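Presented below is the structure to which this report refers.
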Amino acid sequence: MVDVKFEKPQLSAAQLKPVMLPLALLCGVLALWLGWAGVQQHVDASRRADLARERDAAVASAHDALGVEHKRLRDRLDAPAMQAALTAGDLKTAGAELSKDWPGASAGTVLPADLSLDYENLPKSGYGRLGAMEAAIVADKPMAAIVRDGGKPVLALAAPARVGEQLVGVAYVQLPLQRISDGIDKADVGGSSYMALRQGGYNVVERGDAALSNGAEAMAAKIPGSDLRVAAAVPDIAGGPLGLGALPCFIAAVILALLAFVLMRVRQRLGYQAPVVEEGPVQTLAETMIASPFDINAGNVTDNSLSAAPRAVSIDGGIFRAYDIRGVIGQSLDPGVAEMIGHAIGSVMHDQGLTEIVVGRDGRLSGPAMIEGLIAGLRKAGRNVIDIGMAPTPVIYFGAYHLRAGSCVSVTGSHNPPDYNGFKVVVGGETLSGAAITDLYQRIVGNRLHTAAEPGTLTPRDISEDYVQRIASDIQIDRPLKVVVDAGNGVAGDIGPRVLAAIGAEVTPLYCEIDGEFPNHHPDPSEPHNLADLIKMVARLDADLGIAFDGDGDRLGVVTRDGQNIFPDRLLMLFAADVLERNPGAMIIYDVKCTGRLPGHILRHGGSPLMWKTGHSLIKAKMRETDAELAGEMSGHFFFKERWYGFDDGIYSAARLLEILAAQPQTPSETLNGLPNGISTPEIKVDAPDGDPHTFVERFRNEASFEGARLSTIDGLRVDYPDGWGLVRASNTTPILVMRFDADSHEAMDRIQTAFRTQLHAIKADLKLPF
């Protein structure tokens, strides 16, 4: 046996010293970088704190001013001369008494409580004035609003006018805007900050850098007792390296600086001997090139010159749907396909000059691999990616606004089975749909993809608390409500209950553990059988309400204490009435599957109803086109532009619902069951003949005949009668026909369904119908 001894290698001073200098320099540079990042964050925190104090002072000033003016209005309504005029029914004299000797007051008037004259004189009488008076009647207290008079904003006050307990009219008066804007006008807002007085989506007064306006809702504070708020913003400073705050950055900088100092001192103590360079014959350039040949064209490779012809790709064009991209894992979707899709999205962004994009995923088991592929493709196109991790789709949409990226992708299969996944894509504030989705596929198969010289960056970020606080800063319910939340084991199971608890609700979670297998029931609240367990839990706990979210949190379902499933088109009635109180005349959009009672309800509340095609991306595009304040779909998608960002958000919609219900004197069940109703079906889904719903619906639209009805072909064929309606349309996501019926009575329902059954069987005699 040979005894082998190993000796520990020893490094000489000559070997160590050359390494010391670059290490010391690296530590020094990192120390400077971290120190500068710490300074920037400290300055940003101080600036935010200063602006928050100015904002709070402006809110307090406006609140105090409103309190003074509200008291003055109540005192005048209680004055003997006013009471005498109201008792005599002399509303003209009452109006004159209202603004008499009130500094700055104008347009003082008292109108009958039904406001019929103002409604008859619209739009001349003014939507804003009418909205303020309607709000005062509904709230039964003085209300403030900003209205326009002569092209300028003024402060409007309205209050119920009573003789004893009897309501005899509505008092209205206008005051100079400065009464409540004085705090903002005097606030110390530098040129690099921003502050605004806002009502709904309208900036009444703005100070500072208006370019910061879009991000100002993150620091918005409501003026108590009104629907006004003060929004504020400072330039967004990127977080410290590795997400470190100011203090950790300073600590890390000090440690690295000390390390650099130690390395330099050690280097000085080490001896040094210059390395000996053996001289030899010097090579000429030609000799060097012969010894080390290289491709002289290597530096001229551009995006699409990697090959002379487009490369062959394997991707299923069928996954590119009308509203989004969706397929089955292992069949039409895998991480490689996700990378190609990311590369295509990044190429579209490159063409539009967009660099930042937010990404996130739902709780499906395939999510981590899919988002990894997506990010690789986006970075290949040179896009800078902000990964917010596992989050509901609306939180990802929120991230595009909150982080000022403007673009985002949600990796989600929505309410589809566990083996599905997909992509909901927003580029430059526009949700891709139709031709824009198809273009992604064409870019991939045609190799029209931009490949950047350097990959884009990847930054992890958690914005869940930002989302919760943004909603809670705007919504706090007037009284506690006991709510059961069923997330169907979808990704909204964590943040959904957090939001509702933050606004003041008592929340009991049901199936809120995120599980991509959806073990308890399918996460689709539009299917009534998926709400069975929620209804039982609400009854067992005697809760006020049951809330259900779909798999990615962008849809809402609601059940009452007495087990009623409140269909989304009826919820839209409640939301519309609330929004129209502050925005008289606003456009409200609904899809073709909604009840025929909805447009009349919107009109009676002073709004402008518009029916449009089904599909979240199509609805959002129509909202931008018409500047609508609110939209909703029968599937449970609700889109609030008033006080929110205009995207579909089931969690935010649930918060707005609780806000409305908590402000009513009735129980939530009484309020919801009191909404206009009739005989209606949920969505009826029928397998399409030959798996092609679009061809069948096109034929049905051309050949069916319905005497005495009004036909609409916006999306499929909707047939409206005086006492009800029916609809057949093609699903854009699955090979099915979607039908729905609504009527004033069972007799009308039977007649309408019989007419549809006859026409459908005339085209396909063996079509199986469940009615």
*In Å and whole numbers, how far do the C-alpha atoms of the chain stretch along each principal axis, longest first?*
117, 76, 55
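At 20 °C and 1.002 mPa s, what whole-number value in µm²/s does Stokes-Einstein give for the translational diffusion of segment 411-543, with Rh from the Kirkwood sum over Cα pairs?
Values: Rh = 18.2 Å.
Once the numbers are plugged in, D ends up at 118 µm²/s.
Pulled fully out, how much extra length does the chain show between Gln476 and Asp687, if you take 0.36 nm times their separation in residues and subtract their Cα-Cα distance?
Extending this stretch completely gives an extra 71.5 nm.
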*Whole Å is fine, so just give me how far the alpha carbon centre of segment 619-651 lies from that of segment 454-485.*
18 Å
_Can you compute 3J(HN,Hα) from phi for each residue in segment 675-692, using the Karplus curve 6.51 cos²θ - 1.76 cosθ + 1.60 with θ = phi - 60°, rounded to whole Hz and x for Gly and Pro?_
5, x, 8, x, 9, 9, 9, x, 5, 9, 10, 10, 4, 6, x, 6, x, 10
_Calculated Rg and Dmax of segment 550-668 using C-alpha coordinates, Å_ = 13.1, 40
*Residues Asn447 and Val29, FRET efficiency given R0 of 35 Å [Cβ-Cβ distance, rounded to 0.05]*: 0.30
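Report, as a whole number in µm² per second, the diffusion coefficient that Stokes-Einstein gives for segment 17-117 at 10 °C and 1.306 mPa s using the Kirkwood radius over alpha carbon pairs.
Numbers: Rh = 19.5 Å.
This corresponds to a translational diffusion coefficient of 82 µm²/s.
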*When only the heavy atoms of the protein chains count and the probe is 1.4 Å, how do Glu134, Glu513 rank by accessible area, highest first?*
Glu513, Glu134
*Enter the angle in degrees (range 0 to 90, nearest 10) between the Cα long axis of helix 568-582 and the first principal axis of the Cα atoms of the chain, meaning the one along which they spread out most.*
80 degrees
*Between Asn384 and Ala532, what length comes free when the chain is fully extended (0.36 nm per residue of separation minus the Cα-Cα distance, one decimal in nm)?*
48.9 nm
_Counting heavy atoms of the protein chains only and a 1.4 Å probe, report the per residue accessible area for segment 556-668 as a whole number of Å²._
25 Å²
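Scan the chain and report its longest stretch carrying no trypsin sites (Lys or Arg not before Pro) that are both in a DSSP loop and have at most 11 other Cβ atoms within 10 Å.
Numbers: sites that count: Lys5, Lys124, Arg311, Lys768.
Counting only loop sites that pass the neighbour cut-off, the longest clear stretch is 312-767.
Over the chain, what is the mean sequence separation of C-alpha contacts under 8 Å (at least six apart), divided by residue count, expressed as relative contact order in percent? Don't skip to the end; give the middle numbers.
Numbers: 1519 pairs, mean separation 71.0, N = 771.
Relative contact order, the chain: 9 percent.
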_Spatial separation of Cα centroids for segment 495-513 and segment 57-111, in angstrom_ = 42 Å
*Classify segment 614-703 as rounded, prolate or oblate from the Cα gyration tensor: take a ≥ b ≥ c as the square roots of its eigenvalues, call it rounded if a/c is under 1.5, otherwise prolate when a/b beats b/c and oblate if not.*
oblate
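Quick one: which of Lys620/Lys685; Lys482/Lys536; Lys152/Lys641; Lys613/Lys768 span more than 19 angstrom between C-alpha atoms? Walk me through the numbers on the way to the answer.
Working: Lys620/Lys685 24 Å; Lys482/Lys536 15 Å; Lys152/Lys641 23 Å; Lys613/Lys768 26 Å.
Too far apart for the 19 Å limit: Lys620/Lys685; Lys152/Lys641; Lys613/Lys768.
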_With DNA, RNA and ligands ignored, accessible area of Asp101 (1.4 Å probe; Å², nearest 10)_ = 130 Å²
*Please turn the phi angles of segment 24-34 into ³J(HN,Hα) values with the Karplus equation 6.51 cos²θ - 1.76 cosθ + 1.60 (θ = phi - 60°), one per residue in order, whole Hz, x for glycine and proline.*
5, 5, 4, 4, x, 5, 5, 5, 5, 4, 5
*Can you give the FRET efficiency for Arg498 and Ala762, using 1/(1 + (r/R0)^6), R0 = 45 Å, r = Cβ-Cβ distance, to the nearest 0.05?*
0.25
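Which order do His746, His761 take by accessible area at a 1.4 Å probe, largest first?
Working: His746 115, His761 65 Å².
Ranked from most to least accessible, the order is His746, His761.
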*Using the Cα gyration tensor of segment 92-224, with a ≥ b ≥ c the square roots of its eigenvalues, what is the shape: rounded (a/c below 1.5), prolate (a/b larger than b/c) or oblate (neither)?*
prolate
*What shape does segment 543-593 take by its C-alpha gyration tensor, where a ≥ b ≥ c are the square roots of the eigenvalues and a/c under 1.5 counts as rounded, a/b above b/c as prolate, and the rest as oblate?*
prolate
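Work out, in µm²/s and without decimals, the Stokes-Einstein translational diffusion coefficient of segment 67-115 at 25 °C, 0.890 mPa s, Rh from Kirkwood over C-alpha pairs.
Numbers: Rh = 11.0 Å.
Estimated via Stokes-Einstein, D reaches 222 µm²/s.
Tell me, in nm to one decimal, what length is gained between Ala210 and Leu365 on full extension, where the rule is 0.36 nm per residue of separation less the Cα-Cα distance? Show your work: numbers first, answer last.
Numbers: separation 155, 0.36 × 155 = 55.80 nm, distance 4.31 nm.
Gain on extension, Ala210 to Leu365, equals 51.5 nm.
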*Could you pull out which residues in segment 147-185 have an amide N less than 18 Å from a spot 7 Å beyond the Cα of Ala88, following the Cα-Cβ vector?*
162-164, 168-169
*asked:* Can you give me the angle between helix 492-502 and the longest principal axis of the chain, using Cα atoms only, in degrees from 0 to 90, rounded to the nearest 10?
replied: 60 degrees
*Fraction in percent of alpha-carbon pairs per bin - 10 Å, segment 661-738*: 16, 34, 24, 17, 8, 0
*Could you give the nm distance between label points at Trp102 and Gln268, where each point is 7 Å from its Cα heading toward the beta carbon?*
8.0 nm
*Antiparallel %, DSSP beta bridges [both residues in the chain], to 5*: 70 percent
*Taking amide H positions as placed in the peptide plane 1.01 Å from N, state which residues far from Val205 in sequence (5 or more) or on other chains have amide H under 5 Å from it.*
Leu197
*Grab the beta carbon distance between Ala113 and Glu625, set R0 = 35 Å, and tell me the FRET efficiency rounded to 0.05.*
0.40
_I'd like the distance separating the alpha-carbon centroids of segment 548-573 and segment 680-724, in whole Å._
25 Å
*For helix 435-445, what angle does its Cα long axis make with the longest principal axis of the chain, in degrees from 0 to 90 and rounded to 10?*
20 degrees
*Using the charge dipole of the chain (Lys, Arg: +1 at Cβ; Asp, Glu: -1 at Cβ; taken about the Cα centre), state which of Ala221, Leu541, Tyr323 has its Cα farthest towards the positive end.*
Ala221
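For n ≥ 4 DSSP H runs only, could you compute -39500 (n - 2.57) per run for the chain, divide by its residues and tell me the 222 nm figure to the nearest 500?
On the way: 22 runs with 306 residues, N = 771.
Only helices count here, giving -13000 deg cm²/dmol.
The values are calculated or read from the model by the stated rules, or taken from the named source; none is laboratory data. Everything numeric here is computed off the predicted structure, so don't read it as measured data. A quick note on method: Cβ atoms are made from the backbone with ideal geometry, for glycine too, and the neighbour counts reach across all protein chains shown. What goes into the accessible areas is simple: the full protein's heavy atoms, side chains included, and nothing from ligands, DNA or RNA. Shrake-Rupley method; radii C 1.70, N 1.55, O 1.52, S 1.80 Å.
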